[in-house]
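Scroll down for the structure; my scribbles are underneath it.
The values are calculated or read from the model by the stated rules, or taken from the named source; none is laboratory data. Remember, predicted model here, so these are calculated numbers, not experimental data. Ideal geometry is used to build each Cβ from the backbone, glycine not excepted, and the neighbour counts take in all protein chains shown. With ligands, DNA and RNA removed, areas are computed over all heavy atoms of the protein, side chains included. Shrake-Rupley method; radii C 1.70, N 1.55, O 1.52, S 1.80 Å.
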Amino acid sequence: MKRALITGVNGQDGSYLAELLLENGYEVYGLMRRKSVVDYGNVEHIKDKINFIYADMQDVVSLIRAMRISQADEVYNLAAQSFVATSWDTPCTTADIDAVGVTNMLEAIRVVKPEAKFYQASTSEMFGKVQAIPQTETTPFYPRSPYGVAKLYGYWITKNYRESYDMYACSGILFNHESERRGLEFVTRKITNSVARIKLGLLDHVELGNLDAKRDWGHSKDYVKAMWLILQQDKPEDYVVATGTTITVRDFAKAAFKAAGIEVEFEGSGVDEIAKDKATGKVVLKVNPKFFRPAEVELLVGDPSKAEKELGWVREISFDEMVERMVANDLKLVEKEIKSANL
Ligand code: G4F
């Protein structure tokens, strides 16, 4: 039985990855950070199948202990301060976790079990102000946020440990991936949850920032398969994982409203842009500059050819299906909320 250690196990990706590894017969260990209220997050439904170890990415001793206990054959480093906007508020914590935290984990592996394979959750945010379209494994990086800068360190230290110590350490450079389990602060889930609230009468309109930003959006369940495949190769390499298509925030919102049976039309521009429900004429979306970022990543679109060819990775969930699943899930959750509050 193979043993896997997942940092960030209770996040969106950690939960789908834990499910996949359990299905494949792995013994799964997950890192937990101590909180006053125990919160299993997205792994509540499989918590009895996961061996939890208290540890922190900023505490190398706790990571050495986690490696000793788990004796992991594969380590998936998914723990991060992953919300780009917050990285301007907490740039140092973001660097401690997303940059130095990676070195801490690599050192723990090197000290306890150097033959363990290591996956680093690298990100398309490293491309930032993009230097080529589409972005591939050889596109130069130009991060645009403290998050992107910290993640770039994580990418390079992973490569450095591979080259310095001959470790099986590699990165998946994952483009945006979403799901029903996405946190409410990210734009996709913010939209699908707000659409459900608007549809069920709990909210008038949603307020968003930059509607022109373009992202390459896939489903997290497909992307964790790529993470696993990256660690099943003969030699460690880095891979871009993406869909190869790009869509604006505006068009994501349009698709989400449509999935809830609301046709919208946009009018105006810049901070005055709004979207109206075509049937009722009511304003259902407004721009609020408070959600603009100090520096924006305007366009991301990845080329997944290498992952498709070398890993045999295939994407199964289309953009439309992903949006429909997210909206259907949020409608169910909001209905439940209404029932339990007797609204
Ligand atoms: O959903 P977002 O916050 O995701 P972002 O910044 O692209 O980062 C996500 O994907 C990365 C992979 O490329 C990951 F590394 C990272 O951890 C995270 O998962 O924002 C998407 C876009 C941005 O351009 C943002 O400015 O949506 C724009 N946006 C417009 N209005 C908004 C909003 N973003 C948020 N969160 N909230 C808004 O109201």
Original post:
Which ³J(HN,Hα) values in Hz, rounded to whole numbers, follow from the phi angles of the range 263-277 under the Karplus curve 6.51 cos²θ - 1.76 cosθ + 1.60, where θ = phi - 60° and Gly and Pro get x?
Top reply: 8, 10, 10, 9, 9, x, 8, x, 6, 8, 5, 9, 10, 10, 5
Original post:
Of the beta bridges DSSP finds with both residues in the chain, what % are antiparallel, to the nearest 5?
Top reply: 20
**OP:** Would you calculate the volume per residue, in Å³, of the smallest convex hull containing every Cα atom of the range 169-242?
**Re:** 100
**OP:** May I ask you to list the GluC sites (Glu not before Pro) in the range 181-290 that are in a DSSP loop and have at most 12 other Cβ atoms within 10 Å of their Cβ?
**Re:** Glu185, Glu263
Subject >> Charge dipole (the range 219-341, unit charges on Cβ, about Cα centre) - positive-most of Thr248, Val283, Ala259 >> reply: Val283
Original post:
Out of residues 5 or more away from Val241 or on other chains, whose amide H comes under 5 Å of its own, with H placed 1.01 Å from N in the peptide plane?
Top reply: Ile173, Leu174, Phe175
Original post:
By average Cβ neighbour count within 10 Å, what is the ranking of 276-289, 70-83 from highest down?
Top reply: 70-83, 276-289
Original post:
In Å, what Rg and Dmax follow from the Cα atoms of the range 215-333?
Top reply: 18.0, 59
**OP:** Send over a whole-number figure in Å² for the accessible area per residue of the chain, probe 1.4 Å.
**Re:** 45
**OP:** In whole Hz, with x marking every Gly and Pro, tabulate ³J(HN,Hα) for the range 172-189 from phi via Karplus 6.51 cos²θ - 1.76 cosθ + 1.60, θ = phi - 60°.
**Re:** x, 8, 8, 7, 3, 9, 10, 4, 4, 9, 5, x, 5, 7, 6, 4, 5, 6
Original post:
Where does the range 95-160 land on the Kirkwood hydrodynamic radius, alpha-carbon pairs, in angstrom?
Top reply: 12.5
Subject >> Under 15 Å from the Cα of Lys254 - aspartates and glutamates, other chains or at least 8 residues apart >> reply: Glu207, Asp212, Glu263, Glu265, Glu267, Glu273, Asp277, Asp320, Glu321, Glu324
Subject >> Directionally averaged projected area (convex hull, Cα atoms, the range 113-235), nm² >> reply: 9.6
Original post:
Within the accessible area of the chain, what % is carbon and sulfur when the probe is 1.4 Å and the other protein chains stay in place?
Top reply: 49
Original post:
Counting other Cβ atoms within 10 Å of each Cβ, which chymotrypsin sites (Phe, Trp or Tyr not before Pro) in the range 252-343 have at most 16 and sit in a DSSP loop?
Top reply: Phe292
Original post:
Taking amide H positions as placed 1.01 Å from N in the peptide plane, with prolines and chain starts having none, which residues 5 or more places from Ile50, or on another chain, fall under 5 Å of its amide H?
Top reply: none
Subject >> Helical mean residue ellipticity (222 nm; -39500 (n - 2.57) per DSSP H run of 4+; nearest 500) of the chain >> reply: -11000 deg cm²/dmol
Subject >> Quarter of Cα convex hull surface for the range 1-132, i.e. mean projection, nm² >> reply: 9.2
Original post:
For the range 224-229, what does the Karplus curve 6.51 cos²θ - 1.76 cosθ + 1.60, with θ = phi - 60°, yield as ³J(HN,Hα) per residue in whole Hz, taken in order and with x for Gly and Pro?
Top reply: 5, 5, 5, 4, 5, 4
Original post:
Hey, in the GNM for the chain with a 10 angstrom Cα cutoff, which one of Leu231, Leu31, Leu202 fluctuates hardest?
Top reply: Leu202
Original post:
What is the range 52-150's relative contact order, in percent, from Cα pairs under 8 angstrom and six or more apart in sequence?
Top reply: 34
Original post:
For the pair Leu200 and Leu333, how long in nm is the line joining their label points, each one 7 Å along Cα→Cβ?
Top reply: 1.1
**OP:** Would you please give the residues with an amide H less than 5 Å from that of Val206, counting only those at least 5 places away or on a separate chain, with H modeled from the backbone geometry?
**Re:** Leu285, Lys286
Original post:
What is the chain by shape, rounded, prolate or oblate, if you read a ≥ b ≥ c off the alpha carbon gyration tensor as root eigenvalues and call it rounded for a/c under 1.5, prolate for a/b larger than b/c, and oblate otherwise?
Top reply: prolate
Original post:
For Ile69 and Gln131, FRET efficiency with R0 = 56 Å and r from the beta-carbon atoms, rounded to 0.05?
Top reply: 0.85
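Run through the DSSP bridge list for the range 111-263 and note the antiparallel percent, rounded to the nearest 5.
Once the DSSP bridges in the range 111-263 are tallied, antiparallel ones form about 15 percent.
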Subject >> Residue with peak Gaussian network fluctuation, the chain [Cα springs, cutoff 10 Å], from Val327, Val84, Val195 >> reply: Val84
